[in-house]
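Reading through the structure tokens given below for one structure.
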Amino acid sequence: MMDIKRVFFKDKRNVEEQQNVFAGPVESSANTSLEQQVIAAIRTVYDPEIHINIYDLGLIYNISIKDEVNVDVDMTLTAPACPVAEILPRQVADVIKAMDGVNEVNVNLVWDPPWTQQSISDEARLELGLF
């Protein structure tokens, strides 16, 4: 089952945590291996206008794995009026759903906190010439 829904964060304490979820390597846990596979799958999805994968653009705010087979992803877009707003969340859901061992995928499109260029990884900044 695939579900894409829009979510607006109201609790600002969680917003700060959400912004820093992927500032570094994923911490080791029982789900690290599946998390790493999910991240690798998401890195195959590119923003068609910027030509950088959406993970390194900082569009993925959170990945949560439940019962070792169900994946929830909170993601945003570079702007609410993004022309690929209907395409990118579906692509994320599709690449994760195609993974072996994944049962259910939920992609939540969030707008708070808004995406900024500070969310872009160093590798993507270098590629975009932002250094």
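The values are calculated or read from the model by the stated rules, or taken from the named source; none is laboratory data. Nothing here was measured: the structure is a model prediction, and the numbers come from that model. Every residue, glycine as well, gets a Cβ built from its backbone with ideal geometry; the counts of neighbours run over all protein chains shown.
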Does Ala81 qualify as being over 17 Å from Ala40 (Cα atoms) and exposed (fewer than 14 other Cβ atoms within 10 Å of the Cβ)? yes
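Let's see how each residue does on (1) closer than 17 Å to Glu49 by Cα; (2) in a loop (DSSP other than H, G, I, E, B):
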| site | (1), (2) |
| --- | --- |
| Cys82 | yes, yes |
| Ala85 | yes, yes |
| Met99 | no, yes |
| Asn106 | no, no |
| Pro113 | no, yes |
Of the residues that make up segment 25-42, is at least one at pLDDT 95 or above, closer than 25 Å to Pro114 by Cβ and touching an Asp or Glu at 6+ places or on another chain (Cβ under 7 Å)? no
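Could you grab me the full set of residues in segment 53-69 that are among the β-branched types (Val, Ile, Thr) and either at pLDDT below 95 or outside any loop (DSSP other than H, G, I, E, B) (or both)? Break it down stepwise before answering.
We begin by selecting, within segment 53-69, every residue among the β-branched types (Val, Ile, Thr); these are 54, 60, 63, 65, 69.
Hits for segment 53-69 are Ile60, Ile63, Ile65, Val69.
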